Amino acid sequence: MGIRVDEEACNRCGTAEEPMCVRDCPGDLMFIKPNDKAAIVDNRECWDCAACVKVCPSQAIEMRLPTSLVVRGVTLKGRAMKHKTTWQLRLRDGEHDDYETPSTGRSPFIPNL
């Protein structure tokens, strides 16, 4: 798996502050290139948590699914909201399916104490 940033859609969250993908990546793998576009340091280090995918307000980041799961060219985009995450699975032919998953309100990286 891995993520891909669409540089045409990336607008650095429209802010001079730290973009959300850089801020929320638990592996500290996202950075801003000199052209003001987001990028990942190394997809091999990615945890596949989709944090960057879910927080991107312009939906410029997509997750590439492995070919063992789907056909080449299929992508998954997500958008986190307060009570749910919406997902769009885009097929190679351009068709897409939309899904929603409820938010648990908990971080998957912080254990319940």
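Close amide-amide hydrogen proximity is noted between LEU29 and no other residue 5 or more places distant or on a separate chain, at a cut-off under 5 Å (H modeled in the peptide plane; Pro and chain starts excluded).
In order along segment 37-46, the phi-based Karplus estimate (6.51 cos²θ - 1.76 cosθ + 1.60, θ = phi - 60°) of 3J(HN,Hα) comes to 10, 6, 7, 9, 4, 7, 4, 5, 8, 5 Hz; Gly and Pro are listed as x. Shape summary: segment 2-102 maps onto an equivalent ellipsoid whose semi-axes, from the alpha-carbon gyration tensor, are 22, 16, 13 Å in decreasing order.
Bridgeable lysines around LYS84 (alpha carbons under 16 Å apart, same-chain partners fewer than 8 residues away excluded): LYS54.
Values quoted throughout were computed directly from the atomic coordinates according to the rules given, and no laboratory measurement underlies them. Note that the structure is predicted; figures quoted are calculated from it, not measured.
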